[in-house]
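Worksheet: the structure to be examined is printed underneath.
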Ligand SMILES: [Zn+2]
């Protein structure tokens, strides 16, 4: 007798209906005869995917819409406006906002997340202190990984390197930099890698977040990755400058990303919102070339980044919004491309976060989502509610839909009004 049986599931690659059996928090079998189970859930031909994985979200500066009224016109302005708001943050305030965002993400089927916490002379370690206890609090529903992130720079914000070191000692899982917001990008990247090697942790950069290819710090990150032997342990977010390179140069960078096994995180809501601000006509999209990266074999994650702050005034923390958005923004409308996009919120970010035993095979951790639709393409084209979320074999979220179409209950159809000017 197994713990839980999901009957008649559709997997993302389609095919026949299968039963998914769960035992001791793991997938025991996929397909075959339905074994006896203590709990049986009729999935009834709906889509089942592994749990959604959020590769990049700022919990500490989310939900600032009630205190920052000014809107940002550029990334630099968003950094400045948020930097001012940060001076008023307290541990309790950060934790309360982080909880609200985690709750939103979990309700939408997210079972793992990489959160960035800002480490700088303004906040010192208070963002980490606020969010660190949430790892244990939310563990039954979501695995939270925390990146100690130098948003304000390292060299231009003296003291930050020491604070990053303390953050890694105190329990941050990885280290993150932002070379475009510093006085010496190369040195910034060197410091981040030195910390990564000293603490044996992964690296995540915000990088090349401009319209024109005027920085291309990604090349320095590629070099540093190879030098450190950190292949498969580095992710870069934004990378919007790549889209502005001529195709042969773009291909060269993409080939180097493949060789260094660096993952790319597109942040389409922020990128669409803050890029192209200098364009008066034919406003560019400012999104990294998602399709070309995927086709070359680069792991690509679509991630939320910000939820309602000067960087991104909208946000639901629902990852299903992002493949929907990318279908139109990145011109990926075929069924095959939509399936590729579903992977950008599941298998690709799982690889970047190096989540152990992730997937739908026997032996994988039973972190699963049941979508109220029949195919992977439907999940992208018409993001439906996530009816069930399962973490380590336990149902964590049940979503019931209730729609009453009361207009259909009208006893009689009212007579059509007479057409003006026509005899009755
Ligand atoms: Zn970010």
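General remarks:
- Relative to the longest principal axis of the Cα atoms of the chain, the long axis of helix 75-86 lies at roughly 90 degrees.
- Distance between the modelled labels on residue 76 and residue 277, one decimal in nanometres: 1.0 nm (7 Å Cα→Cβ projection).
- Convex hull volume of segment 52-352 per residue (C-alpha atoms, cubic angstrom): 116
- Of all beta bridges that DSSP places with both ends in the chain, some 40 percent have antiparallel geometry.
- Take each peptide in 333-343, 176-186, count the other Cβ atoms within 10 Å of every residue, and average; sorted highest first, the result is 176-186, 333-343.
- For the chain, the 222 nm mean residue ellipticity estimated from helices alone, with every DSSP H stretch of n ≥ 4 adding -39500 (n - 2.57) and the total spread over all residues, rounds to -9500 deg cm²/dmol.
- Working from label points 7 Å from Cα in the Cα-to-Cβ sense, the residue 17 to residue 334 distance is 3.1 nm.
- Tilt relative to the chain, helix 160-170 - C-alpha long axis, 0 to 90 degrees, to 10: 50
- Between residue 122 and residue 194, the FRET efficiency from the beta-carbon distance, with R0 = 22 Å, is close to 0.40.
- Difference of contour (0.36 nm per residue) and Cα-Cα distance, residue 255 to residue 93: 54.0 nm
- Per-peptide average of other Cβ atoms within 10 Å, ordering 125-134, 350-359, 26-35 highest first: 125-134, 350-359, 26-35
- Simple spin-label estimate for residue 84 and residue 316 gives 3.2 nm between the two label positions (7 Å along the Cα-to-Cβ direction from each Cα).
- Length released on extending from residue 1 to residue 24, taking residue separation times 0.36 nm less the Cα-Cα span: 7.1 nm
- Over segment 95-210: Kirkwood hydrodynamic radius from C-alpha pairwise inverse distances, Å: 14.5
- Entry note: segment 202-342 has Rg to Rh equal to 0.95, where both radii use alpha-carbon atoms and Rh is the Kirkwood radius.
- Spatial separation of Cα centroids for segment 99-148 and segment 336-398, in angstrom: 20
- Between the helical axis of 185-199 and the longest alpha-carbon principal axis of the chain there is an angle of about 70 degrees.
- Ranked 328, 175, criterion: other C-beta atoms within 10 Å, fewest first: 328, 175
- Share antiparallel - DSSP beta bridges, segment 159-242, percent rounded to 5: 0
- Taking the chain and dividing mean pair separation by its residue count, relative contact order in percent (alpha carbons under 8 Å, at least six apart): 20
- FRET efficiency, residue 214 to residue 410 (Cβ-Cβ, R0 45 Å, nearest 0.05): 0.15
- From least to most packed, judged by other beta carbons within 10 angstrom and beginning with the fewest, 407, 230 follow the order 407, 230.
- Rounded Å value of the spacing that divides the Cα centres of segment 183-216 and segment 241-301: 17
Bear in mind these aren't lab numbers, they're just calculated from the coordinates by the rules spelled out. This is a predicted model, so every value here is computed, not measured. Please note: Cβ atoms are built from the backbone with ideal geometry, for glycine as well, and neighbour counts cover all protein chains shown.
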